[in-house]
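The values are calculated or read from the model by the stated rules, or taken from the named source; none is laboratory data. What you see is a predicted model; the values in this text were computed from it and never measured. Counting neighbours? That spans all protein chains shown, and the Cβs are built from the backbone with ideal geometry, glycine included.
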Amino acid sequence: MEGHDPRTPVTSFVRVSDVAGLIIARHVRSLHPDARVASGNPPHPPRLLPRTGLNRRARAFLVRLRIKCSRTAERLFRLSGSGNPMCVLCPADETIGHILLQCPGYDDHRRRLFGAYSRLGLPHLCLDELLFPRAQHSKLQQARYALMDFFGDADLFTRL
């Protein structure tokens, strides 16, 4: 047990194999497609959707919106190469961000959604604030209902 003997000199020598795992982990993280993760500052994981208050279909729809896996024209075109990525109401690519924040065809629905978020005291300037609101539980539930009303009133719930 020479290593535990107090007379053994302490060294600061580090072998490459001692830090190889760290070097590889940093490199793999730097290749991540999300810039926040690649920089070493991953976002906090969003709260899980509640098991009560929304039916299974509505929860699945919100999860698809949150993970950017909804059936927008742009995504279907990107995945299959067929169809048209353009919005049916304006000459822009149809994405969830476009539908919720920009498309003039959904202005009335958007005004009601933003009004509901404003009444709840929630910000609504970007897509993340709409899909991942940060508030107490009762306000979150109302925000989810307002978001579902937006897609239901705009006849997008079944299509997306």
Total residues in segment 100-111, condition farther than 18 Å from residue 65 by Cα and either surrounded by 13 or more Cβ atoms within 10 Å (Cβ to Cβ) or hydrophobic (A, V, I, L, M, F, W, C) (or both): 1
May I ask you to list pairs of residues, at least six apart or on different chains, whose Cβ atoms are under 6 Å apart, with the first in segment 82-99 being within 20 Å of residue 64 (Cβ to Cβ) and the second being among the hydrophobic types (A, V, I, L, M, F, W, C) and part of a loop (DSSP other than H, G, I, E, B)? 87/103; 94/87; 98/92
Quick check: anything in segment 54-63 in contact (Cβ under 8 Å) with a residue 12 or more places away in the chain, assigned to a loop (DSSP other than H, G, I, E, B) and touching a helix residue (DSSP H, G or I) at 6+ places or on another chain (Cβ under 9 Å)? yes
Looking only at segment 108-128, how many residues end up being free of Cβ contacts under 8 Å to residues at least 12 places away in the same chain and within 22 Å of residue 57 (Cα to Cα)? 1
Report, by residue number, each residue of segment 64-110 that is within 12 Å of residue 160 (Cα to Cα) and either in a helix (DSSP H, G or I) or of a type in the set (Val, Ile, Thr) (or both). 64, 65, 72, 73, 74, 75, 76, 95, 96, 99
Output for Cβ contacts, cut-off 9 Å, separation at least six or different chains, first residue under 29 Å from residue 40 (Cβ atoms) and β-branched (Val, Ile, Thr) in segment 4-22, second surrounded by 10 or more Cβ atoms within 10 Å (Cβ to Cβ) and at pLDDT 80 or above, reads 16/23
When you look at residue 61, is it surrounded by 11 or more Cβ atoms within 10 Å (Cβ to Cβ) and aromatic (Phe, Trp, Tyr), yes or no? yes
Note: among 117, 145, just one is under 21 Å from residue 70 (Cα atoms) and of a type in the set (Ser, Thr, Tyr), namely 145
Of everything in segment 24-44 that's in contact with a helix residue (DSSP H, G or I) (Cβ under 6 Å, 6 or more places away or on another chain) and in a helix (DSSP H, G or I), which residue is nearest to residue 67 (Cα to Cα)? 38
Tally of residues being of a type outside the set (Gly, Ala, Ser), assigned to a loop (DSSP other than H, G, I, E, B) and either touching a helix residue (DSSP H, G or I) at 6+ places or on another chain (Cβ under 6 Å) or under 15 Å from residue 58 (Cα atoms) (or both) across segment 133-154: 1
Keeping to segment 38-78, report how many residues are within 18 Å of residue 95 (Cα to Cα) and not aliphatic (A, V, I, L, M). 12
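Per-residue answers, yes or no, for (1) in contact with a strand residue (DSSP E or B) (Cβ under 6 Å, 6 or more places away or on another chain); (2) modelled with pLDDT under 90; (3) crowded, with 20+ Cβ neighbours inside 10 Å; (4) under 27 Å from residue 76 (Cβ atoms):
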position	(1), (2), (3), (4)
89	no, no, no, yes
92	no, no, no, yes
96	no, no, yes, yes
116	no, no, no, no
120	no, no, no, no
123	no, no, no, no
142	no, no, no, no
149	no, no, no, yes
